[in-house]
1. In region 1-113, what is the count of Lys pairs whose alpha carbons are under 20 Å apart, counting only pairs at least 8 residues apart or on separate chains?
2. At 1.4 Å probe radius, can you tell me the per residue accessible area of region 54-181 in Å²?
3. Can you give the FRET efficiency to the nearest 0.05 for Tyr66 and Ser91, using r as the Cβ-Cβ distance and R₀ = 41 Å?
4. Taking the alpha carbon gyration tensor of the chain, what are the square roots of 5 times its eigenvalues, largest first, to the nearest whole Å?
5. What is the set of long-range amide H partners of Ser53 at a cut-off below 5 Å, with H atoms built 1.01 Å from backbone N?
6. Could you check how much of the accessible area of the chain is carbon and sulfur, as a whole percent, using a 1.4 Å probe?
7. When all alpha-carbon pairs of region 80-181 are counted, what percent fall beyond 18 Å?
8. Using only Cα atoms, find the angle between the long axis of helix 95-104 and the longest principal axis of the chain, and express it within 0 to 90 degrees, rounded to the nearest 10.
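The values are calculated or read from the model by the stated rules, or taken from the named source; none is laboratory data. Computed from a prediction, not measured in an experiment: that's the story for all the values here. For neighbour counting, all protein chains shown are included, and Cβ atoms are generated from backbone atoms with ideal geometry for every residue, glycine included. The accessibility values were calculated without ligands, DNA or RNA, using every heavy atom of the protein model including side chains. Shrake-Rupley method; radii C 1.70, N 1.55, O 1.52, S 1.80 Å.
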Amino acid sequence: MGTGKTAGFNIAWSGYQKSFSLNYFNPYYTPSGVSRSITISGTKTNANELNISSYSTDQYGVNVNYGFPLSLHTSLTMGYGFAYTHLLTTSSSSDQMKQFKQDYGDKFYQLLLNIGWGRITTDRPYFPTHGTQQSIMLTVSTPLYKKSLQYYKLTYTHDWYHPLNQYFTLHMHGVIGYGNG
């Protein structure tokens, strides 16, 4: 209706993973141009199907992010979220998985904090044919109780668009990240 607000729903289903997400984005949450996005998601992963180990995880979460315009092309993103992870092991799980579960438990409640920077110089927001999009995001997981998971991850994403002719555009996409916990 011309407001720029978007809503989305995603379902992915494979032999080892089932996931869903719902999201809502309001580019003009405040009159000064601050945006807000809300995402609700869930994922069930069975590592045994990938021949990694005999365990599975159920993960659910909600995230809220705010975007603050710094200039016409750059913005700062800050947000928070809540994540729940349930680790399920079997009698055939590896000794390391059993020891991990004994040491840390099988239910994890996380408070997620993130901050990021982004720059967009594409010729249009949807189906761009020329320009770049890049972002860097830091996510830190803080525990909500004694036996919980603590980690951080830093991710850089870069997209480059170049027109090949009036019908085709070359799109190169790259992601690099680092994490520890």
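1. 6
2. Accessible surface, normalised per residue, equals 65 Å².
3. 0.35
4. Taking √(5λ) for each eigenvalue gives 35, 21, 16 Å, largest first.
5. Result for Ser53 returns Asn48.
6. Working: 7270 of 12070 Å².
In the chain, the share of accessible area belonging to carbon and sulfur is 60 percent.
7. Values: 3267 of 5151 pairs.
Considering region 80-181, 63 percent of its Cα-Cα pairs are separated by more than 18 Å.
8. Approximately 80 degrees, to the nearest 10.
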